[in-house]
Amino acid sequence: MKKIAFLFLLSFATLQLQAQDKPKTAKTSPRIIILATGGTIAGSGESSTKAAYTAGKVPIDDLLNAVPQIHDYGKITGEQIASIGSQDMNVVTWLKLSKRINEIFKNNEADAVVVTHGTDTQEETAYFLDLTIMSDKPVVIVGAMRPSTAMSQDGNRNLLDAVMVAASPKSQGKGVIVAMDEKVFDARDVTKTSSTNLETFQSRNFGPIGLIYDGKVNYYYQSLRNPSKKFDVTKLTSLPQVEIVYGYADASPQSVTGILGSEVKGIVYAGMGNGNFGEPVGKALAEASKKGIVVCRSARAGSGRITLDNEVKDEELGFVVSDDLNPQKARVLLMLSLTETADRTKIQQNFFEY
Ligand code: SIN
């Protein structure tokens, strides 16, 4: 009888432990550093019911104080990396962020990192970090669609979830992940799909890799595109310039020629359908390619992939394709690839591997 009672108690305790991803003792409590960059999650408005607000106003300490429950998940500290709306995110801040995260893990300052960020360019920062962070430890990026002063603000819940996800041992080795709106996304695949709705982040080709509910994260999928070789940005202070050219009906070649002659080393073409272009733009892109600019065909469609040497003679024209990366993510990979090589075969390989 005693044995049955003991077994019952043991299985009850195990269930309780599984119920939440909370660490139980100070010894197992993970150290989590929250790096704040601004965005709507740190946004402040004059009214709780009106849409107008300024992004990046609320400092990290106030953000953390607003969600005291995060301290249940680990030893939490915060650092302010930037205070900007993510429309102003830039290469200098990306490099600063990436170098700081690599330093945190190298010096064993933390077991996980959470980055608070504006949602507008969250996907680009996530992918940049995914390609440059040399650690298996969790890096979770989080934002909000409503400012902290709004009645329907989503930042506090998202931040709590992101810290819980970062603290969970299940989040190790997943590359950089985005935790938003009770879902976890792979950095490479996630994209912002609505300019105003709360449920804006989606991975249109593959879906979320995990779901968050009631203080718990469950993972279902993992991307195979998470190569162990990362880009080393330690010594970099800038990246090669890559511009995006948007494709549309009856586009003028000026959309391409207008940007040449500057420091441009690469062009991502956000083409129609399978990365297609009209004849005048095609000629301008071929000219650019002949001049040594790496032209990468991507698509404005929002999902699917770009197929090499199908309708377009990529090999002949010296073009590469982005595979399933959207134009803004293709730009990130092209910039990083160009720090190592201008060889199109190698760059194309990167697009099929990263
Ligand atoms: C921004 O990206 O900083 C503004 C929009 C947002 O965070 O939702």
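The spread of Cα positions in the chain, taken along each principal axis and listed from longest to shortest, comes to 81, 51, 37 Å.
Per-residue 3J(HN,Hα) values for region 115-123, derived from phi via the Karplus relation 6.51 cos²θ - 1.76 cosθ + 1.60 with θ = phi - 60°, read 10, 8, 7, x, 7, 4, 10, 4, 5 Hz in sequence order (x marks Gly and Pro).
Taking the DSSP bridge list for region 242-353 and keeping only pairs wholly inside it, about 5 percent are antiparallel. On a 0 to 90° scale, report how tilted helix 279-290 is relative to the longest principal axis of the chain, with both axes built from alpha carbons and the result rounded to the nearest 10. Helix 279-290 sits at roughly 80 degrees to that axis.
Taking the average, over residues, of other Cβ atoms within 10 Å as the packing measure, peptides 264-271, 124-131, 302-309 rank 124-131, 264-271, 302-309 from highest down. Based on the Kirkwood approach, the hydrodynamic radius assigned to region 242-353 is 13.4 Å, with every pair of different Cα atoms included.
Seen against the Cα atoms of the chain and their longest principal axis, helix 2-19 is set at about 40 degrees.
Beta bridges per DSSP, both residues in the chain: antiparallel share near 30 percent. Percent relative contact order of the chain, based on C-alpha pairs within less than 8 angstrom and at least six residues apart? This gives 13 percent for the chain. Across the accessible surface of region 242-353, with the other protein chains kept in place and a 1.4 Å probe, carbon and sulfur atoms take up 48 percent. The mean sequence separation of alpha-carbon pairs under 8 Å and at least six residues apart, normalised by the residue count of region 242-353, gives a relative contact order of 25 percent.
Helix 344-353 and the longest principal axis of the Cα set of the chain meet at an angle near 30°. A helix-only calculation puts the chain at -9000 deg cm²/dmol for mean residue ellipticity at 222 nm, using -39500 (n - 2.57) for each DSSP H run of at least four residues, averaged over all residues. Starting from the Cα of K291, move 7 Å in the Cα-to-Cβ direction to define the label point; list residues of region 317-340 whose amide nitrogen is under 17 Å from there. Only 318-319 pass the distance filter. Taking the Cα centre of the chain as reference, the dipole from Cβ charges on Lys and Arg (+1) and Asp and Glu (-1) amounts to some 1040 debye. Subtracting the Cα-Cα distance of Y220 and S194 from 0.36 nm times their residue separation leaves 6.9 nm of extension gain.
Sort out for me the Cα centre separation of region 41-84 from region 153-179, rounded to whole Å. Between the Cα centres of region 41-84 and region 153-179 lies a distance of 16 Å.
The average projected area of region 83-200, computed from the convex hull of its Cα atoms over all directions, is 7.0 nm². Take the chain with all the other protein chains still there, run a 1.4 Å probe, and you get 48 Å² of accessible area per residue.
The values are calculated or read from the model by the stated rules, or taken from the named source; none is laboratory data. All of these numbers come straight from a predicted model, not from anything done at the bench. For neighbour counting, all protein chains shown are included, and Cβ atoms are generated from backbone atoms with ideal geometry for every residue, glycine included. Only protein heavy atoms, including side chains, enter the accessible area calculation; ligands, DNA and RNA are left aside. Shrake-Rupley method; radii C 1.70, N 1.55, O 1.52, S 1.80 Å.
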